[in-house]
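Chemist: Handing you a structure now.
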Amino acid sequence: MTRFLDKTRKTLVSGLVLAAVGATPAFADGEVNIYSYRQPFLIEPLLKAFTEETGIKTNVIFASSGLSERIQAEGENSPADVLLTVDIGRLDGAKQLGITQPIESDVVNENIPAQYRDSEGHWVGVTTRARVVYASKDRVEQDAITYEELADPKWKGRICTRSGQHVYNVALFAAMVAHKGEEATETWLEGLRDNLARKPAGNDRAQVQGIYSGECDISIGNTYYMGAMLQNEKEPEQKEWANSAKILFPTFEDGSTHVNISGMILAKHAPNKAEAMKLIEFLSSDEAQKIYAEANNEYPVEPGIEPSELVASWGTFKPDTLPLEEIAKNRKTASELVDKVGYNDGPAS
């Protein structure tokens, strides 16, 4: 067993899965050690292309949680060079933990729009996903909707969502705070809560299952779950769920749709900084954007790159131009409002 695997095994946290991607998982100078919240099979095509282009090998540790805290605990001895994660909350959270350092690159700045980058360089977006409405093909005739409309009493008992405190929903609610203000968002959340068909539970896919079963008519979810369900060969019932629903791109008053990102950080004590920067620049390139977005059924961050045929088939939308930093600033307020209105208790009697 190599030095990298030996070292990481000693610091494994409960539930951590170790996976190496590349020709060899050896911990050595000139390689890139990646901590990833994204599953290995999703990023393997990217890392393979990176190694083929640069000759730089990569090593990956995957876990569904705890990696940011692990980097913090490891401190200066951390082998992590790059952290891959999703959602502005988790990216900003890594910055707040003090485990990042600025990504200083003209290449990245040219490739990635400013709204998808931290102004101080502590995180960079790689792909985007829209937070949309899944609607029953049979029971919902309309093909357009606004976020504000989700609080309209006409939807009473017809909406399913996951927990209001999940990072995906907190980001959406934070965007609402940024657009409408705290007081208006509180009123909106109360209306949305009272339109729920059940207490929030499960993940985004479970909400589409609720549409399929008739428990609800619309739900809130990320776009890429449609692709994940339609392509799920191991659980073909999810194809049926997905085929029962259509995607509506909800809008704020300015006609834009809330988007979030998957992204990356450069670890504060990255032992292979030069190689890590080459990986980060590669992930911002046209080639990587195409591979990453198609593998994950997401949208490229770089302007001008078309999404996959499947993703394009869901329709077009205008992404919110609000800088994600502004959304991150409102996450605490949004989370507090979720508790204040008792969102996770379900509809008020």
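The values are calculated or read from the model by the stated rules, or taken from the named source; none is laboratory data. This structure is a prediction, so every number in the text was calculated from the model and none was measured. Using ideal geometry, Cβ is built from the backbone for each residue, glycine included, and neighbour counts are taken over all protein chains shown. Accessible surface is based on the protein model in full, side chains and every heavy atom, while ligands, DNA and RNA are left aside. Shrake-Rupley method; radii C 1.70, N 1.55, O 1.52, S 1.80 Å.
Chemist: For the stretch 41-92, which GluC sites (Glu not before Pro) are both in a DSSP coil and crowded by at most 12 other Cβ atoms within 10 Å?
Modeler: On the way: sites: 52, 53, 69, 74, 76; in loops: none.
Here no GluC sites (Glu not before Pro) fit, given the DSSP loop and packing criteria.
Chemist: Let me ask something else about it. Hey, what's the chain come to in accessible area per residue, 1.4 Å probe, Å²? Can you show the working numbers first?
Modeler: Values: 14640 Å² over 349 residues.
Solvent-accessible surface per residue comes out at 42 Å².
Chemist: Moving on to the next point. Report, in degrees rounded to the nearest 10, the 0 to 90 angle that the Cα long axis of helix 286-296 makes with the longest principal axis of the chain.
Modeler: In the chain, helix 286-296 runs at an angle near 50 degrees to the longest axis.
Chemist: Describe numerically, in nm with one decimal, the distance between label points set 7 Å from Cα along Cα→Cβ at residue 110 and at residue 53.
Modeler: Placing both labels 7 Å beyond Cα along the Cβ direction yields 1.4 nm.
Chemist: For the stretch 79-182, which GluC sites (Glu not before Pro) pass both filters: DSSP loop (anything but H, G, I, E, B) and at most 16 other C-beta atoms within 10 Å?
Modeler: Details: sites: 104, 110, 120, 141, 148, 149, 182; in loops: 104, 120, 141.
Hits after loop and neighbour filter: 104, 120, 141.
Chemist: Can you tell me what share of the DSSP beta bridges in the chain is antiparallel? A percent to the nearest 5 is fine.
Modeler: Details: 27 of 40 bridges.
Around 70 percent of the beta bridges assigned by DSSP in the chain are antiparallel ones.
Chemist: How much length is gained if the chain between residue 44 and residue 120 is pulled fully straight, taking 0.36 nm per residue apart and subtracting their Cα-Cα distance, in nm to one decimal?
Modeler: Numbers: separation 76, 0.36 × 76 = 27.36 nm, distance 2.89 nm.
Stretched fully, the residue 44-residue 120 segment lengthens by 24.5 nm.
Chemist: Principal axis lengths of the chain from Cα atoms, whole Å, largest first?
Modeler: 61, 40, 40
Chemist: To the nearest 10 degrees, how steep is helix 204-213 against the longest Cα principal axis of the chain, on a 0 to 90 scale?
Modeler: On a 0 to 90 degree scale, this one is about 40.
Chemist: Accessible area of the stretch 34-173 with a 1.4 Å probe: how many percent of it is carbon plus sulfur? Before the final figure, lay out the partial values.
Modeler: Numbers: 2420 of 5330 Å².
About 45 percent, which is the carbon plus sulfur part of the accessible surface.
Chemist: Students often get this wrong, so check it: of 290/318; 57/332; 154/239, which have C-alpha atoms separated by over 31 Å?
Modeler: The pairs that break the limit, which is 31 Å between Cα atoms, are 57/332.
Chemist: With the crude spin-label approximation of a point 7 Å out along Cα→Cβ, what separation in nm comes out for residue 142 versus residue 237?
Modeler: For residue 142 paired with residue 237, the spin-label model returns 3.2 nm.
Chemist: Using a cut-off of 19 Å between alpha-carbon atoms, which aspartates and glutamates can reach residue 268, once sequence neighbours fewer than 8 places away in the same chain are excluded?
Modeler: Partners within reach: 29, 31, 69, 74, 76, 81, 92, 104, 118, 120, 281.
Chemist: Enumerate by residue number the trypsin sites (Lys or Arg not before Pro) in the stretch 137-176 meeting two conditions: DSSP loop (anything except H, G, I, E, B), and at most 12 other Cβ atoms within 10 Å of the site's Cβ. Walk me through the numbers before you get to the answer.
Modeler: Working: sites: 137, 139, 154, 156, 158, 162; in loops: 137, 139, 156, 158, 162.
When the trypsin sites (Lys or Arg not before Pro) of the stretch 137-176 are filtered for loop state and at most 12 Cβ neighbours within 10 Å, 137 remain.
Chemist: Moving to a separate point now. Residue by residue, what Karplus-based ³J(HN,Hα) values in Hz, rounded to whole numbers, does the stretch 332-338 have, using 6.51, -1.76 and 1.60 with θ = phi - 60° and x for Gly and Pro?
Modeler: 4, 4, 4, 4, 5, 5, 4
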